[in-house]
1. Out of region 137-153, which residues are surrounded by 12 or more Cβ atoms within 10 Å (Cβ to Cβ) and under 38 Å from the mean Cα position of the chain (by Cα)?
2. Tell me which residues, restricted to region 225-241, are within 13 Å of residue 187 (Cβ to Cβ) and in contact with a Phe, Trp or Tyr (Cβ under 7 Å, 6 or more places away or on another chain).
3. How many residues does region 427-445 contain that are among the basic types (Lys, Arg) and open to solvent by less than 80 Å² (accessible area, probe 1.4 Å)?
4. Would region 61-73 turn up any residue that is in a loop (DSSP other than H, G, I, E, B), at pLDDT below 85 and crowded, with 17+ Cβ neighbours inside 10 Å?
5. Of the conditions (1) free of Cβ contacts under 8 Å to residues at least 60 places away in the same chain; (2) under 42 Å from the mean Cα position of the chain (by Cα), residue 162 clears all except one; give me its number.
6. Tell me, please, whether a residue that is without any contact (Cβ under 8 Å) to a residue 40 or more places away in the chain and basic (Lys, Arg) can be found in region 411-419.
7. If the Cβ limit is 7 Å and pairs must be 6+ apart or interchain, which residue in region 1-24 that is in the same structural domain as residue 59 (by the TED database) pairs with which residue that is open to solvent by less than 40 Å² (accessible area, probe 1.4 Å) and assigned to a loop (DSSP other than H, G, I, E, B)?
8. Out of 299, 277, report the one residue that is farther than 30 Å from residue 189 by Cα and loosely packed, with under 10 Cβ neighbours inside 10 Å.
Amino acid sequence: VLSHNLCTVLNVPHDPVALEEHFRDDDEGPVSNQGYMPYLNKFILEKVQGNFDKVEFNRMCWTLCAKKNLSKSPLLISDEDAFKVWVIFNFLSEDKYPLIIVPEEIEYLLKKITEAMGAGWQQEQFDHYKIALNTSREGLSAWELIELIGSGQFSKGMDRQTVSMAINEVFNELILDVLKQGYMLKKGHKRKNWMERWFVLKPNIISYYVSEDLKDKKGDIVLDGNCCVEALPDKDGKKCLFLIKCLDKTFEISASDKKKKQEWIQAIQSTVNLLRAGSPPPHKEARQKRKELRQKLLAEQEELERQMKELQAANENKQKELETVRKQLEAAAARAAEEEKKRLQTQVELQDRFSLELEREKMVRQKMEEQVAQKSSELEQYLQRVRELEEMYKQLQEALEDEKQARQDEETVRRLQARLLEEETAKRAELEKWHLQQQQTIQMTEAEKQELENQRMMKEQALQVAMQQLKQLELERKEALEQYEEVKKKLETAANNTKSWKDKVAHHEGLIRLIEPGSKNPHLITNWGPAAFTEAELEERQRSWKGKKATSE
């Protein structure tokens, strides 16, 4: 019966003779699963051409296994919905027996159902469920998945009808390859009338029916890479029109609104593009990518485990090597202890031998220390005397530096005083010049007086500014004189200090000779003694003053 039904559903001719021949020697007792599989592969599955109804085939398989494996507890979904979940499980499960669906595919399916219900996805709730699942097993079987969806754990607040419609929508997309479906108006080819039809878009065909129960099929629009779809303007009282062009026919269709029209155009155009590229439907391509990603992650994990094992083996080898080294170190330590014992014995003998020599050395060292102490006392007295002489020499050098600095300050003040006098003379000459110009201006005619009045006022203002500058120069000259007096006092003080230090040095036992600073070049002589600069330096400074004076004028 099983073989006959399989052949019927798969559109394969049934051969009862082959069945009898295959099981001729095994007619006692039930046929096991392993015994039936060779016959199934050879006489049924190898003859399948692919022109069978996959839904009916799945329904037959469901009939064989549902009664035995489906949970007896009440579920929130019907048997028909459980069947669709079972078919979806077969599509999303891993390609190994026993079949399981991994947590990533469970998340994908629950997200699709939640989106179809119009509810929000609870990622945190699924993460808790995923953690609990990973601790016990790798995935779920078909019956555990049905029980999970039927328990309403991820569809709380939704009624049975909403959940059923969501499961049906996901079933149509993943299993029946329904990319889009809905009611639209189609223009007839013969009568040119408009009729409402239920359109179903699949990867290579658009089928249209009288109603959404799919019982009365009216025709198909076969799609290929040469088809195209384009929008049409409104005409004949029909709106939201678009056109599907194929090689042999053209179809005019009217959507219910602009949004539906745009959605259908985009969906049909995407399908045609996939046909041109030879790509599978989006959900199948996405499933393949997810599978390849899981295989890649699994391979990386296996590679990581292999590397960990290699590292563990290397670690064990290192431990063995360390143990060998430790034993060698213990043996070396034992030899070292023996050698240390011998060394200590030798050391005791040497200590006894050298103790007498050490006593003799102590006596000799004591005598030498007494001699060294006596010599050190004499050397300390001599060094103390030298330090006193060095201190006196340093103080003398500082006095000479103070005298030299005082002479430099005196010369600077003198130059500043001379510059101020020159500037004062120049300002007085300029004032005389402006005074003469003012007198000449007064002698001009009355007609010129009015014209030159403004210039006179400006010159008077400049004269006032010059007078203020003259007063400022007088103040600066006075300050320079005061600085000159202070420098003169410092110079006298430095000269007195120098003279007193010369007397001290002359009376100091004749150990050192006073060294006075001198110069190979001739120096100028001022009223107060030798100047702090040479004649060439004076000429250079005169040229600098003349340049500054010319710039100021």
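1. Of all residues in region 137-153, those surrounded by 12 or more Cβ atoms within 10 Å (Cβ to Cβ) come to 139-153.
The answer is 139, and nothing else.
2. Answer for region 225-241, where residues must be within 13 Å of residue 187 (Cβ to Cβ) and in contact with a Phe, Trp or Tyr (Cβ under 7 Å, 6 or more places away or on another chain): 232, 238.
3. Residues of region 427-445 among the basic types (Lys, Arg): 427-428, 433.
Narrowing the set further to residues that are open to solvent by less than 80 Å² (accessible area, probe 1.4 Å) leaves 427.
Residues that pass the stated criteria total 1.
4. Filtering region 61-73 down to residues in a loop (DSSP other than H, G, I, E, B) leaves 70-73.
Filter again for at pLDDT below 85, leaving 70-73.
Right, trim to crowded, with 17+ Cβ neighbours inside 10 Å and you get 70.
Within region 61-73, one or more residues are in a loop (DSSP other than H, G, I, E, B), at pLDDT below 85 and crowded, with 17+ Cβ neighbours inside 10 Å.
5. The single condition residue 162 does not satisfy is (2).
6. no
7. none
8. On the way: 299 fails: loosely packed, with under 10 Cβ neighbours inside 10 Å.
Only one candidate qualifies: 277.
The values are calculated or read from the model by the stated rules, or taken from the named source; none is laboratory data. Being a predicted model, the structure only gives us computed values, none of them experimental. Every residue, glycine among them, receives a Cβ derived from its backbone with ideal geometry; neighbour counts consider all protein chains shown. Note: areas computed on protein heavy atoms with side chains; ligands, DNA, RNA excluded. Shrake-Rupley method; radii C 1.70, N 1.55, O 1.52, S 1.80 Å.
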